[in-house]
1. Have a look at 16, 72 and point out the one that is open to solvent by less than 60 Å² (accessible area, probe 1.4 Å) and either touching a residue at least 12 places away in the same chain (Cβ under 8 Å) or not polar (S, T, N, Q) (or both).
2. Can you run down the residue pairs with Cβ atoms below 7 Å, 6 or more apart or on separate chains, where the first is in the range 93-113 and in contact (Cβ under 8 Å) with a residue 24 or more places away in the chain and the partner is crowded, with 16+ Cβ neighbours inside 10 Å and hydroxyl-bearing (Ser, Thr, Tyr)?
3. Can you work out which of the residues in the range 29-61 that are loosely packed, with under 12 Cβ neighbours inside 10 Å and of a type outside the set (A, V, I, L, M, F, W, C) is farthest from residue 140 (Cα to Cα)?
4. Quick check, is residue 140 in a helix (DSSP H, G or I), open to solvent by 60 Å² or more (accessible area, probe 1.4 Å) and closer than 22 Å to residue 19 by Cβ?
5. Can you name every residue in the range 85-95 that is open to solvent by less than 50 Å² (accessible area, probe 1.4 Å) and among the polar types (S, T, N, Q)?
Amino acid sequence: MSAGTADPHMRFRLACSKRLKYLQAGFICAAGSAIWLVAAPRLGVWFAAGTAGLTVVWLAWRVCLADLQAPCALVAQAAGDVSLRSGTRVARTLQLAGYVQWPGFLVLELAPANGRRESVLVMSDALDPTQFRALAAWGRRHGKRAAVRF
């Protein structure tokens, strides 16, 4: 892409990350197993199974709610602003405050006008490799490398 025809807005459509889904499913299973292993000797098998089952259902419900609110589109602007759009929320524009990149994922720390920062996790399999590299390069260009607080 030449400099004269460069689009000042880079648009990214975020897909569902299969790796993140596998990690979440593993965490939910581990949490249910841990509760059952701790509760079964003390409270009985049936009460422990019910408690573990309720925990698994509650965690799965929270994951589903988080997926509904997760950004599904991201527009990176030349001035360092980011517009996010999700299925349940309208688009909002935030300023890039920092970024951290590890192999396999990128975390963008965004600051709205009211000052409360939020972090957006972008897994490498949520974008195609060229778009992921372009988003990482944009983050390096416009954000400062910072420790992201979760």
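1. Working: 16 fails: open to solvent by less than 60 Å² (accessible area, probe 1.4 Å).
Answer to the check: 72.
2. Listed pairs, sorted by first residue: 104/124; 106/99; 107/99; 108/99; 109/99.
3. 44
4. Numbers: in a helix (DSSP H, G or I): yes; open to solvent by 60 Å² or more (accessible area, probe 1.4 Å): yes; closer than 22 Å to residue 19 by Cβ: no.
It is false that residue 140 is in a helix (DSSP H, G or I), open to solvent by 60 Å² or more (accessible area, probe 1.4 Å) and closer than 22 Å to residue 19 by Cβ.
5. Kept after step one, since they are open to solvent by less than 50 Å² (accessible area, probe 1.4 Å), are these residues of the range 85-95: 86, 94.
Selection gives 86 alone.
For every residue, the table says whether it meets (1) within 24 Å of residue 24 (Cα to Cα); (2) exposed (fewer than 15 other Cβ atoms within 10 Å of the Cβ); (3) of a type in the set (S, T, N, Q).
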position: 67; (1), (2), (3): yes, no, no
position: 83; (1), (2), (3): no, no, yes
position: 97; (1), (2), (3): no, no, no
position: 101; (1), (2), (3): yes, no, yes
position: 107; (1), (2), (3): yes, no, no
position: 114; (1), (2), (3): no, yes, yes
position: 120; (1), (2), (3): yes, no, no
position: 123; (1), (2), (3): yes, no, no
position: 126; (1), (2), (3): yes, no, no
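The values are calculated or read from the model by the stated rules, or taken from the named source; none is laboratory data. Everything numeric here is computed off the predicted structure, so don't read it as measured data. Positions of Cβ are generated from backbone atoms using ideal geometry, with glycine treated the same way; all protein chains shown enter the neighbour counts. For the accessible areas, the whole protein counts, side chains as well, though only heavy atoms, and no ligand, DNA or RNA atoms are used. Shrake-Rupley method; radii C 1.70, N 1.55, O 1.52, S 1.80 Å.
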